[in-house]
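Down below is the structure, laid out as structure tokens.
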């Protein structure tokens with residue numbers, strides 16, 4: 001699931017979803033999605049042969065040993081190495097975890113951890129001291145997203161009450177950023193722009209992409225060696241328990257977004273007695289049958305609906321953008337831009353692939369709608385500056401983007417069997433692209449290395465907790481989220497006994513905790529600060545759609 005990640009430049013914070021997009025402008029296409037009905041797509045994929053890795057629960061003794069060591073050592077928090085770019089309140093440290101939990105005394109890797117300690121100051125009453133509630137650990141998803149800058153979220157008004165009570169803790173999961181970083185190719189080769197993005201690719205183009213996928217999979221194996229198999233979601237969950245112990249927490253308070261909800265759910269299944277409170281924001285579908293091939297099909301289908309939402313919004317503001325008064329007319333404008341960019345890339349950098357990536361980002365977060373619509377409007381009128389600024393690859397972030405993509409690929413490919421026969425991928429996605437062309441093939445190319453993956457595959461753990469095994473947990477979901485389709489939140493709710501689902505109605509931004517919806521934030525605060533949940537499912541009205549951005553010449 002190429003879902004998003006909180007990343008980047010020091011201090012940068014995404015206000016709505018705690019997530020950002022890889023620097024190439026192509027969000028990870030894979031946040032799990034809706035189940036695929038048997039009569040909609042071909043029956044199950046041909047599964048990869050090979051010996052599955054050890055089942056999830058079997059390695060718990062290795063986790064216990066690593067956690068005991070971590071508890072004894074703790075985390076020696078101090079000044080961050082990039083401190084000149086960060087507020088002084090943020091501290092950094094490391095935690096050691098086994099590369100392989102079957103051999104907990106073997107090779108160790110270090111996870112980069114960050115923290116802003118609880119302020120203990122009530123933001124509404126400066127004289128009132130707020131008692132501390134320990135650490136709140138966050139993961140932004142991906143796979144491949146860095147959470148190292150998450151603690152700075154406490155600077156935002158929506159997070160000050162939580163930041164008063166909790167030490168806000170972020171970290172780079174294994175393979176990410178400063179935590180034994182994984183790489184599959186030279187970052188200088190990662191950005192290939194301008195690039196095409198055919199909606200209905202030719203056979204020759206498909207062969208080209210198959211060759212690229214095979215080469216990428218080989219590159220991962222050559223660069224990582226035998227360690228490659230150990231970058232997976234079960235190990236992410238095990239690492240989380242070691243981090244809990246290192247922080248001195250008997251029970252974990254955790255918040256995961258997008259993919260972070262999946263390994264959070266694995267953690268809840270493996271270590272239910274170690275859970276204090278858990279928030280699952282933009283929850284993905286944890287059904288083992290969906291991990292990850294079918295979840296990606298479901299996501300591609302959902303993006304078509306969200307793409308329609310965006311085009312309908314642009315059409316409703318035709319007086320501002322002039323791109324068409326109906327969704328179909330807006331699509332015609334978009335296709336004109338695609339054709340023009342294919343013939344002459346904007347600034348030599350932005351082709352159809354970069355255009356599609358920019359609008360896919362807008363399908364994740366509706367805050368992007370006005371800017372993207374304005375850029376498209378200006379480009380079609382002869383001014384490409386805004387489109388280049390918004391869609392051109394950020395080559396200065398190539399190493400970070402390549403690393404995020406490498407971890408994404410390794411985790412998804414290692415987590416589960418994938419079809420190994422190209423004909424299965426071609427059949428299923430050709431059918432899907434007839435009704436959902438916007439994201440389908442780009443999603444295929446993002447995940448196709450998994451068809452040729454050289455490492456052993458796991459069989460996904462059956463995420464499930466029985467009554468009384470797990471403390472009550474909070475699930476947050478936007479009803480029209482395409483990156484993590486709503487059916488996934490319903491499945492997560494069914495599988496985690498005692499969980500409560502809060503739905504943002506008729507909204508589609510990917511990740512809703514701590515954003516502009518006061519109703520959602522009220523439920524989040526009540527749960528994290530007081531342990532209080534609605535008695536059953538609850539709903540919040542969707543946030544207002546964004547206001548259009550007037551043309552510079554408006555009113556002249």
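The values are calculated or read from the model by the stated rules, or taken from the named source; none is laboratory data. The shown structure was predicted, so the numbers you read here are calculated from the model rather than taken from an experiment. For neighbour counting, all protein chains shown are included, and Cβ atoms are generated from backbone atoms with ideal geometry for every residue, glycine included.
Some points to look at:
- Test for residue 461: is it in contact (Cβ under 8 Å) with a residue 60 or more places away in the chain, surrounded by fewer than 24 Cβ atoms within 10 Å (Cβ to Cβ) and in a loop (DSSP other than H, G, I, E, B): yes
- The lone criterion from (1) assigned to a helix (DSSP H, G or I); (2) surrounded by fewer than 24 Cβ atoms within 10 Å (Cβ to Cβ) left unmet by residue 250 is number (1).
- Number of residues in region 480-525 that are part of a loop (DSSP other than H, G, I, E, B) and over 19 Å from residue 470 (Cα atoms): the value is 19.
- Which listed residue is under 14 Å from residue 477 (Cβ atoms), touching a residue at least 40 places away in the same chain (Cβ under 8 Å) and assigned to a helix (DSSP H, G or I), from 302, 283, 268, 289: 302
- Scanning region 315-354 for residues that are in a helix (DSSP H, G or I), touching a residue at least 24 places away in the same chain (Cβ under 8 Å) and under 20 Å from residue 546 (Cβ atoms) yields a total of 4.
- The condition of being modelled with pLDDT under 95, more than 23 Å from residue 153 (Cα to Cα) and surrounded by fewer than 23 Cβ atoms within 10 Å (Cβ to Cβ) holds for only one of 495, 536, 480, 505, that being 536.
- Residue 551 being over 16 Å from residue 471 (Cβ atoms), out of contact with any strand residue (DSSP E or B) (no Cβ under 9 Å at 6 or more places or on another chain) and modelled with pLDDT under 95: yes
- Any hit, region 359-374, residues being over 24 Å from the mean Cα position of the chain (by Cα), more than 18 Å from residue 510 (Cα to Cα), without any contact (Cβ under 8 Å) to a residue 40 or more places away in the chain and in a helix (DSSP H, G or I): no
- Qualifying residue in region 448-465 (condition: out of contact with any helix residue (DSSP H, G or I) (no Cβ under 6 Å at 6 or more places or on another chain) and within 18 Å of residue 215 (Cβ to Cβ)): yes
- Residue count for region 405-434, restricted to those that are touching a helix residue (DSSP H, G or I) at 6+ places or on another chain (Cβ under 7 Å) and under 29 Å from residue 330 (Cβ atoms): 4
- Test: residue in region 381-396 that is assigned to a helix (DSSP H, G or I), within 20 Å of residue 145 (Cα to Cα) and at pLDDT below 95: yes
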